[in-house]
Amino acid sequence: MKNIRVRFAPSPTGYLHVGGLRTALYNYLFARKNNGKFILRIEDTDRSRYVEGAVENLIASLKWAGLTFDEGPDVGGNFGPYMQSQRLETYKNYVNELINKGDAYYCFCTPERLKALREEQEKQKLPQAKYDKHCLSLSKNEIEEKLKNNISYVVRLNVRPNQKIIFDDVIRERVDFDSNNVDDQVLIKSDGFPTYHLANVVDDHLMEISHVIRGEEWLSSTPKHVLLYDAFGWERPRFAHLPLLLNPDKSKLSKRQGDVAVEDYRDKGYLKDALINFVALLGWNAGDDKEFYYLNELVNAFSLEQVNKSGAVFDVVKLNSLNALHIRNQSNEKLLTMLKSEIENSELRIENYSDERLLLIIESMKERVSFVKEFITECRYFYTPPAEYEQKSIEKNWKSDTPNQMKKLAEAFSLLESPSKEDYELAFTKVAEELNVGNGKLIHPLRLAVSGQSTGPGMFDILYILGKNEILKRINSAINKLK
Ligand code: GLU
């Protein structure tokens with residue numbers, strides 16, 4: 001079998017789109033699973049779309065996600081350069097070969113003529129505007145004359161009419177196009193730069209790419225690519241076109257309906273493990289109902305044959321629940337590092353919190369949060385006394401005899417020395433017995449007094465984490481405020 005070499009070939013438009021992340025991930029998984037190479041190639045030949053810093057940004061997002069590439073602009077490799085803007089001479093040489101063979105031709109048509117042609121075709125209600133091969137009939141002499149006079153030109157692919165263009169796609173199986181519907185694609189633009197189609201095919205060939213794995217939006221370009229491979233006499237790679245990503249209303253995933261940049265998700269606090277896990281499932285599953293994966297497990301489980309044809313819905317609710325699951329499965333030490341950076345950015349002034357204390361907070365809340373920042377926002381009472389008390393719980397749990405019962409609890413707690421969680425529990429049970437009330441009668445108002453809330457982790461965990469002095473203060477202040 002041929003060496004497996006795949007590439008992710010983004011155009012640097014400013015950020016890594018989540019759809020791009022999925023394409024990169026599937027390429028990465030396919031390469032790793034088959035002991036192949038994963039290559040990053042930057043397709044930056046459209047100068048009008050050039051964005052400063054975009055390449056660095058792309059690379060940073062891929063690295064954050066853990067998708068390491070074997071060859072690329074910053075790691076090098078034997079097939080470089082990996083930036084198309086540094087390969088312009090190569091494309092020119094190859095296009096000359098096509099011109100000499102009659103598979104491509106110079107076109108000197110002015111923008112005005114092309115516009116008039118388009119308008120005419122629109123009037124005739126043709127299904128799509130197509131170049132009319134006007135310049136294909138120019139004689140050698142005419143062409144030379146125009147070139148000598150520096151008349152602006154493009155080079156076009158010479159698509160022969162009435163052919164079936166057939167190719168195999170790993171996901172879509174056999175695909176065919178009618179050449180009558182394929183335009184004489186511009187290969188070299190008037191600024192001398194190649195178009196995506198030419199540069200992509202030349203590079204995939206020269207970089208010995210075995211499989212082209214990319215989004216479905218490129219499927220309609222593939223017949224042009226196939227014609228180019230055939231014209232050059234090159235072996236075609238295998239194609240695999242990945243299903244579209246859709247909004248929940250089944251429209252194409254767009255910026256208007258939510259975030260599409262990987263960095264937005266990172267900044268919102270999604271773990272890279274969760275985002276990778278989620279993105280992997282956009283169009284693929286292993287044929288069972290397993291949904292929780294780490295990157296290394298995906299490498300083993302992934303296969304291109306199991307990628308679906310139909311569009312995949314980008315469901316943020318599912319992403320959130322995967323984030324929660326990944327937090328649960330993350331080590332407390334890793335979460336501690338993340339929590340500390342959240343603390344630095346928090347509007348709450350959280351100072352003098354030992355790692356030990358933060359780890360206790362993490363342990364008690366781990367099953368209850370979907371984001372690391374919720375180790376603060378969902379349990380502010382660990383960091384600051386309650387500013388208010390949940391009204392519903394006051395009505396339900398704070399009765400006329402409650403202040404007295406709370407006083408008794410406070411007294412019992414104050415006698416404890418360096419109490420453990422169990423010490424609190426024993427003292428609590430004893431007071432409940434003495435007062436002859438069920439635990440429930442005491443625990444709800446106690447929770448309200450120390451946290452201001454009616455739900456949260458185990459009561460004795462909260463007491464232990466807050467510490468004796470703090471809980472005594474809080475019980476007293478609740479007694480005063482909730483009279
Ligand atoms: N440069 C194209 C993009 O931005 C690459 C498409 C392909 O993989 O062929 O996605």
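The values are calculated or read from the model by the stated rules, or taken from the named source; none is laboratory data. Predicted, not measured: the structure shown is a model, and the values here were computed from it. Cβ placement follows ideal geometry from the backbone for every residue including glycine, while neighbour counts extend to all protein chains displayed.
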**Request:** Report yes if Glu89 is outside any loop (DSSP other than H, G, I, E, B) and surrounded by fewer than 18 Cβ atoms within 10 Å (Cβ to Cβ), otherwise no.
**Result:** yes
**Search result, residues across the range 38-53 that are within 16 Å of the ligand (Cβ to nearest atom) and over 21 Å from the mean Cα position of the chain (by Cα)** = Asp44, Thr45, Asp46, Arg47, Ser48, Arg49, Tyr50
**Request:** Tell me, yes or no, whether the range 308-324 has at least one residue that is at pLDDT 95 or above and farther than 22 Å from Pro248 by Cβ.
**Result:** no
**Message:** Against the condition over 20 Å from Val279 (Cβ atoms) and either within 10 Å of the ligand (Cβ to nearest atom) or not in a helix (DSSP H, G or I) (or both), how does Glu56 come out, does it pass?
**Reply:** no
**Item:** Cβ pairs under 6 Å, 6+ apart, first in the range 186-207 and farther than 22 Å from Leu136 by Cα, second more than 12 Å from the ligand (Cβ to nearest atom)
**Value:** Ala199/Tyr91; Val201/Leu228; Val202/Tyr91; Val202/Tyr94; His205/Trp234; Met207/Phe79
**Prompt:** Can you find a residue in the range 274-282 that is in contact with a His (Cβ under 6 Å, 6 or more places away or on another chain) and more than 16 Å from the ligand (Cβ to nearest atom)?
**Reply:** yes
**Request:** Give the residue that is nearest to Asp44 (Cα to Cα), with candidates limited to residues of the range 92-121 that are among the charged types (D, E, K, R) and surrounded by 12 or more Cβ atoms within 10 Å (Cβ to Cβ).
**Result:** Lys92
**Request:** Could you tell me whether any residue of the range 158-170 is among the basic types (Lys, Arg), farther than 30 Å from Val307 by Cα and not in a helix (DSSP H, G or I)?
**Result:** yes
**Message:** Considering only residues that are touching a Gly at 6+ places or on another chain (Cβ under 8 Å) and among the hydrophobic types (A, V, I, L, M, F, W, C), which ones fall in the range 280-312?
**Reply:** Leu295, Val307, Ala312
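Conditions tested, residue by residue: (1) surrounded by 14 or more Cβ atoms within 10 Å (Cβ to Cβ); (2) in contact with an Asp or Glu (Cβ under 8 Å, 6 or more places away or on another chain); (3) under 18 Å from Lys92 (Cα atoms).
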{"residue": "Gln128", "(1), (2), (3)": "no, yes, no"}
{"residue": "Glu145", "(1), (2), (3)": "no, no, no"}
{"residue": "Asn149", "(1), (2), (3)": "no, no, no"}
{"residue": "Ser152", "(1), (2), (3)": "no, no, yes"}
{"residue": "Pro161", "(1), (2), (3)": "no, no, no"}
{"residue": "Ile188", "(1), (2), (3)": "yes, no, yes"}
{"residue": "Phe193", "(1), (2), (3)": "yes, yes, yes"}
{"residue": "Gly215", "(1), (2), (3)": "yes, no, no"}
{"residue": "Val226", "(1), (2), (3)": "yes, no, no"}
**Any pair with Cβ under 6 angstrom, 6 or more apart, that starts in the range 272-290 at a residue that is within 20 Å of Ala261 (Cβ to Cβ) and at pLDDT 95 or above and ends at one that is of a type in the set (Val, Ile, Thr) and surrounded by 18 or more Cβ atoms within 10 Å (Cβ to Cβ)** = Gly283/Val307
**Complete:** Quick count over the range 397-448, residues being within 49 Å of the chain's Cα centre (by Cα), touching a residue at least 60 places away in the same chain (Cβ under 8 Å) and closer than 28 Å to Arg357 by Cβ, is 0
**Request:** Evaluate the range 417-425: report whether one residue or more is at positive phi and out of contact with any Ser or Thr (no Cβ under 8 Å at 6 or more places or on another chain).
**Result:** yes
**Message:** If I filter the range 205-216 for residues that are basic (Lys, Arg), within 13 Å of the ligand (Cβ to nearest atom) and in a strand (DSSP E or B), do I get at least one hit?
**Reply:** yes
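Would you mind stating whether Glu142 is acidic (Asp, Glu), part of a helix (DSSP H, G or I) and over 30 Å from Met207 (Cβ atoms)? Can you show your working first?
Details: acidic (Asp, Glu): yes; part of a helix (DSSP H, G or I): yes; over 30 Å from Met207 (Cβ atoms): yes.
Yes, satisfied.
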**Item:** Every residue from the range 5-35 that is more than 16 Å from the ligand (Cβ to nearest atom) and part of a loop (DSSP other than H, G, I, E, B)
**Value:** Asn34, Asn35
**Message:** Quick check on my filter: what residues within the range 12-31 are under 17 Å from Leu242 (Cβ atoms) and in contact with a Phe, Trp or Tyr (Cβ under 8 Å, 6 or more places away or on another chain)?
**Reply:** Val18, Gly20, Thr23, Ala24, Tyr26, Asn27, Tyr28, Leu29, Phe30, Ala31
**Residues within the range 422-465 that are among the aromatic types (Phe, Trp, Tyr) and either under 19 Å from Asp401 (Cα atoms) or not in a helix (DSSP H, G or I) (or both), tallied** = 1
